[in-house]
Structure formats: structure tokens, C-alpha cells
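For reference, the structure is listed below as C-alpha cells.
The values are calculated or read from the model by the stated rules, or taken from the named source; none is laboratory data. This one's a predicted model, so the numbers in the text were calculated from it and none came from an experiment. Virtual Cβ from ideal backbone geometry, glycine too; neighbours counted across all protein chains shown. Quick note on the areas: whole protein, heavy atoms, side chains included, nothing else; ligands and nucleic acids left out. Shrake-Rupley method; radii C 1.70, N 1.55, O 1.52, S 1.80 Å.
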Amino acid sequence: GQLLARGVSRCLMDHGFACLTEVVPRPGLRVDVMALGRKGEIWIVECKSSRADFTSDRKWQGYLDYGDRFFWAVDTDFPVEILPEETGLILADRFGAEILRTGPEAKLAPARRKLVTQGFARTAALRLAGRGDPGAAFLA
């Protein structure tokens, strides 16, 4: 999953998005990739490495409340026919990715968008501070 997330992030950055991996929009949910676009759009990408990984995921519909679009990212061996057709699809590996299908847009309400965007910014800032000062993580 982490290698797919790296490839997805590279692809989305090429499309003008800033990306974070393993974002917690609320307790109990952890998004594999959250991407913030130049116009404030928020995309959520869930990376799946196998059929078993997908079928055991019971939380993915909860991610829909935190992004304008939702995508699955899988590798070339994944059986894509089992993925819901009403979601986006990204074919990825550790080096990059290609958007095969863009799911429908479900724009976030302004209050939710503000909350998610602030959470994204705070997570990014804390991670950056931790890179410069590993002890800073304990202060947050």
C-alpha cells in the first residue's frame, strides 16, 4: 500500500495537487492519500494491494465525507472488476500512476471543507516541523 501511495502522490503532484499519506480525518479513519488541489479541491485515494485487502475494508465509505472525489489505487494484477464503478480508479506502482477513471464529484459543504483543509495544513506543518526537529512531535 505504501508503495502504491508513493506512485499515486507522484501522479497527483504532476496534476497540481499537494499530497499527504496516512491522514486521519477523524478518529477511526486513516486515508492512504489525501490530495489538495490548487482550487481547494480535495481528493481521497485508498490504495489496495489485493482482493483480500479490498474485501476486508469496511471503512471506505466513511472517507467519502472528507473529499470531493474518491479513488481506488491498485496495481496491474488487481481484479478491477470488483471495485465499485461509481468511484475513481488509479493504476499505480511505486514509480507513478495513471488516472483511469475519475469518479463523480461530491462537493464538500463549506464548513466541512474548511475543517478538512485546516486538518490537512496542520498535519503537513507538524510533519515538516518533525523533520527539522524530531523532538517537536512530542510538543504537538
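General observations
- Annotation: of all residues in the stretch 50-70 being small (Gly, Ala, Ser) and surrounded by fewer than 17 Cβ atoms within 10 Å (Cβ to Cβ), the one that is farthest from GLN2 (Cα to Cα) is GLY62.
- Set side by side, the residues ALA18, ALA5 differ, and just one is open to solvent by less than 100 Å² (accessible area, probe 1.4 Å), under 10 Å from the mean Cα position of the chain (by Cα) and of a type in the set (A, V, I, L, M, F, W, C), which is ALA5.
- Screening VAL33 on (1) under 23 Å from LYS114 (Cβ atoms); (2) open to solvent by 20 Å² or more (accessible area, probe 1.4 Å) shows it passes everything except condition (2).
- Criterion (of a type in the set (A, V, I, L, M) and within 19 Å of GLN2 (Cα to Cα)) met by exactly one of ALA106, ALA73: ALA73
- A Cβ distance below 6 Å, combined with a sequence gap of six or more or placement on separate chains, defines the contacts here; from the stretch 111-128, residues that are surrounded by 15 or more Cβ atoms within 10 Å (Cβ to Cβ) reach residues that are in a helix (DSSP H, G or I) in the pairs VAL116/TYR66.
- With respect to (1) in contact (Cβ under 8 Å) with a residue 40 or more places away in the chain; (2) out of contact with any helix residue (DSSP H, G or I) (no Cβ under 9 Å at 6 or more places or on another chain); (3) charged (D, E, K, R); (4) loosely packed, with under 15 Cβ neighbours inside 10 Å, the lone exception for ARG94 is condition (2).
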